[in-house]
Amino acid sequence: MTQDSRVVVAKRVDGGDDADLSEITELARAAGYEVVGTLSQSRDEDAAYHFGEGKVDELAALVAETDAEAVIVDNRLGPYQTYNIGGKLPEGVEVIDRFTLILEIFGQRANTRKAQLQVELAELRYELPRAEAKTSLAKRDERPGFMGLGEYDESREQDIKAQISRIKQELDAIADKEETRREQRRESGFDLVALAGYTNAGKSTLMRRLADDLDVGENEGLHPDLDPTAESEDRLFTTLGTTTRRADTGTRDVLLTDTVGFISDLPHWLVESFESTLDSVYRADLVLLVVDASESIEEMREKLVTCHDTLYERNEAPIVTVLNKIDRVDDDELREKREALSALAPNPVAVSGLTGENVDELTDRIEAELPDWREERLLLPLSDDAMSLVSWLYDHGHVREEEYTGEGVLVEFSARPAIVEQARAKAGEIRRADAPDAETEAAPVADGDGSESGASLDGR
């Protein structure tokens, strides 16, 4: 299939439900297809055709009428269902189910080695049961082509399994490097915040807003992977890999990562294939769960449930729900949605990434929800090394006071626990260099309340 191909989209829902074809239509357009017809059915699944056989005949007539080159089904089709539907359609018409379409979109957007590997892994996991079906059909001496299942190759199953093993090993190696990078960032004083949410919720727009006033180039030496922009368009899956930028939230140094958007009804194997990308969410210090506030309450509820299902399985960080795009709703509507969704989204922050409304409130919330910093005081001798340490503390924490006395410089600061421990160790080295014949710990210094503590004063 090529982009701009004419397609018919179809969907089956359980009996009594209404079929919504809007998402599958948008997905088809996101993949570059022209939707020329739609069809739906409300009934229990048919084992042979997924739809009722009469509805498949109707589908075939619609395909012929519209001269469509493919049928996109907004359901997961089994290999034999794909084969049986294909047998009813005009010759040469391809059958594409929901997950084949999503994988096609992912393949179009995969611009990094990791993204490409994840797409390839998902495609292979999807193809494996179909390869087994091809084997079964070939043994029945069915006609070649297999109605959209592809040509039969007896060795294909083993090839797929070998490729899956190889790709998983390479992705594991990439994941190890990224975990090391995350820890290095934390040791450098950064808090890691991840943007998560349903695809097209406005995560990339919000990210650009939060990082709008920052010159990313100033940090290139320490973090060469920081991207200067995050793509922001009104279409599905504009972000497939991860984009990380430094965000200015106030006193904390925050690295904000935008990731692939979630989508409903994804099978476990597809989520697993993108586990390496989702680690950016799972292993963050804070997750901002972005929801499109301009959608209906029902849509928002369904998408929140989808996001929670994906996040709560492995995520350990606190989650703040962000109701985005409030520029599209009035106050009464927003209040109604807050109340209706309070169980799924307690105490959300309502913002507009597009206009910047309430973004200051969001940055305050980010700082409040991030892991607590430790407070510390250090008394250092006056030396070049001590001044270098004070400068380092400004870069890696929040210095509240810097006071020069006859004994040296007293610096009060707050920082991540790892930074505090590094500062203590650096201070110890400076004291030993300043007085090599003295005791390791400097003479006690009186606190403001009359108590005494060492040169590395009480961390609180």
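The values are calculated or read from the model by the stated rules, or taken from the named source; none is laboratory data. All values derive from a computational prediction rather than experimental measurement. We place every Cβ from the backbone using ideal geometry, glycine too, and count neighbours over all the protein chains shown. When the accessible area is computed, the model is the full protein with side chains, heavy atoms only, and any ligands, DNA or RNA have been set aside. Shrake-Rupley method; radii C 1.70, N 1.55, O 1.52, S 1.80 Å.
Sub-6 Å Cβ pairs linking a first residue in segment 424-435 that is within 18 Å of ARG374 (Cα to Cα) and open to solvent by 40 Å² or more (accessible area, probe 1.4 Å) to a second residue that is assigned to a helix (DSSP H, G or I) and modelled with pLDDT of 85 or more, at least 6 apart or interchain, are LYS426/LEU389, ordered by first then second residue. Considering (1) closer than 19 Å to SER204 by Cβ; (2) surrounded by 15 or more Cβ atoms within 10 Å (Cβ to Cβ); (3) more than 14 Å from the chain's Cα centre (by Cα), the lone condition that SER280 does not fulfil carries the number (3). Take GLU170 and tell me if it is in a helix (DSSP H, G or I), at pLDDT below 80 and either surrounded by 14 or more Cβ atoms within 10 Å (Cβ to Cβ) or more than 19 Å from the chain's Cα centre (by Cα) (or both). No, not satisfied. The residue list THR100, THR66, THR25 contains one member that is open to solvent by less than 50 Å² (accessible area, probe 1.4 Å), modelled with pLDDT of 95 or more and either under 20 Å from VAL119 (Cα atoms) or in contact with a strand residue (DSSP E or B) (Cβ under 7 Å, 6 or more places away or on another chain) (or both), which is THR66. Residues that are of a type in the set (Val, Ile, Thr) and modelled with pLDDT under 95 number at least 3 in the following helices (runs of 4 or more DSSP H) confined to segment 266-328: 297-311. Please specify each residue of segment 107-118 satisfying the condition of being open to solvent by 10 Å² or more (accessible area, probe 1.4 Å) and in a helix (DSSP H, G or I). Within segment 107-118, GLY107, GLN108, ARG109, ARG113, LYS114, GLN116 meet the criteria. The requirement of being open to solvent by less than 20 Å² (accessible area, probe 1.4 Å), at pLDDT 80 or above and in contact with a Lys or Arg (Cβ under 9 Å, 6 or more places away or on another chain) is satisfied by LEU124.
For segment 189-206, a residue qualifies if it is over 25 Å from PRO371 (Cα atoms) and either open to solvent by less than 10 Å² (accessible area, probe 1.4 Å) or not in a helix (DSSP H, G or I) (or both), and the qualifying residues are TYR198, THR199, ASN200, ALA201, GLY202. Checked against (1) over 17 Å from LEU192 (Cβ atoms); (2) open to solvent by 80 Å² or more (accessible area, probe 1.4 Å); (3) not hydrophobic (A, V, I, L, M, F, W, C), GLU333 passes all but condition (2). Checking the stated criteria, LEU344 turns out not to satisfy the condition of being in a loop (DSSP other than H, G, I, E, B), within 15 Å of VAL291 (Cα to Cα) and in contact (Cβ under 8 Å) with a residue 60 or more places away in the chain.
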